[in-house]
Amino acid sequence: MPRYAITDIHGCARTFAALLERIGYGREDELFLLGDYIDRGPDSAGVLRRIWRLQGQGHRIVCLRGNHEQMLLDAHARGHTPWDYQPEALELQQTLHWIEHLPYYHETPGYVLVHAGLNLGLADPLSDTQAMLWIRDWEREVTYEWLADRILVYGHTPRPVREVRRAADLLPGRPLICLDSGCAMQAPGMGHLAALNLDTREVTFIERQD
């Protein structure tokens, strides 16, 4: 069954639901979510509740940690006010517990999945969790030996839709694709949520519905 990757939903619950419907996501499909479920958009709680509901129904979902989830954890650990989304009191502990157990990366045949990217200058890029959450502007000066025949899929730094399409067209020759098309942003060419079919390398976009 198909494998899909989606990243940087950022509180756009209606858009997320519409994208799942558009790709025909079903119980037997695999769904990889690459972090930043919360903040910026209007319904962070709605995004989390949909993910939890799908998980509870037995859907095959792998959720990774994004920097915005880490920011929420850090704010509560330090007694600070969260940057944006503050879970309701009844869901606070559930939310923090769920985030605490999110992995930083995932490997599936042919792919490495992560939120922000990897420090490919290290002998073991998977040892740098800070880079997995925060790294930017790293793609121009990397070599691909560590990836071997795998493609790196990530988000974090928003790209216009045309750039995401171009990256998909270059696969697998240039084995990098950033899927973040700025769902919660107003910038030209953004305001979309993208799903990459890992088996066909087709990208499906949907304009923000929230």
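The values are calculated or read from the model by the stated rules, or taken from the named source; none is laboratory data. None of these values were measured; they are calculated from a predicted model. A quick note on method: Cβ atoms are made from the backbone with ideal geometry, for glycine too, and the neighbour counts reach across all protein chains shown.
Within the range 186-209, residues that are modelled with pLDDT under 95 have Cβ atoms under 6 Å from residues that are surrounded by 16 or more Cβ atoms within 10 Å (Cβ to Cβ) in these pairs: G189/P160; G189/V161, counting only partners at least 6 apart in sequence or on another chain. Taking D74 as the residue in question, decide whether it is surrounded by fewer than 19 Cβ atoms within 10 Å (Cβ to Cβ) and under 18 Å from T204 (Cα atoms). So D74 fails the test. Considering (1) buried (at least 19 other Cβ atoms within 10 Å of the Cβ); (2) over 15 Å from A195 (Cα atoms), the lone condition that I9 does not fulfil carries the number (2).
Note on the range 124-182: residues that are modelled with pLDDT under 95 and in contact with a Cys (Cβ under 9 Å, 6 or more places away or on another chain) total 1.
Residues that are under 21 Å from L198 (Cβ atoms) and not in a loop (DSSP other than H, G, I, E, B) within the range 115-161 comprise P125, L126, M132, E139, I151, L152, V153, Y154, V161, listed in sequence order. Among the residues of the range 115-128, those identified as within 19 Å of Q70 (Cα to Cα) and either surrounded by 16 or more Cβ atoms within 10 Å (Cβ to Cβ) or touching a helix residue (DSSP H, G or I) at 6+ places or on another chain (Cβ under 9 Å) (or both) are H115, A116, G117, L118, N119, L126, D128. Evaluate the following for V112: is it in contact with a strand residue (DSSP E or B) (Cβ under 9 Å, 6 or more places away or on another chain), modelled with pLDDT under 95 and surrounded by fewer than 21 Cβ atoms within 10 Å (Cβ to Cβ)? Taking the combined requirement at face value, the residue does not satisfy it. Residues in the range 41-64 that are outside any helix (DSSP H, G or I), within 13 Å of I99 (Cβ to Cβ) and aliphatic (A, V, I, L, M): 1 in all.
With respect to R159, determine if the residue is crowded, with 17+ Cβ neighbours inside 10 Å and within 20 Å of G46 (Cα to Cα). Criteria not met by R159.
Filtering the range 99-114 to residues that are more than 25 Å from W52 (Cβ to Cβ) and assigned to a loop (DSSP other than H, G, I, E, B) leaves P109, G110. Name the single residue, out of those in the range 98-109 being of a type outside the set (D, E) and more than 14 Å from the chain's Cα centre (by Cα), that is surrounded by the most Cβ atoms within 10 Å (Cβ to Cβ). Ranking the qualifying residues of the range 98-109, first place goes to W98. What pairs come up if the first residue lies in the range 1-19 and is touching a residue at least 24 places away in the same chain (Cβ under 8 Å), the second is part of a loop (DSSP other than H, G, I, E, B) and β-branched (V, I, T), and their beta carbons are under 7 Å apart, counting only those six or more places apart or on different chains? What qualifies is G11/I38; F16/I9.
Filter the range 30-39 for residues that are touching a helix residue (DSSP H, G or I) at 6+ places or on another chain (Cβ under 8 Å) and part of a loop (DSSP other than H, G, I, E, B); which is surrounded by the fewest Cβ atoms within 10 Å (Cβ to Cβ)? Going through the qualifying residues, I end up with D39.
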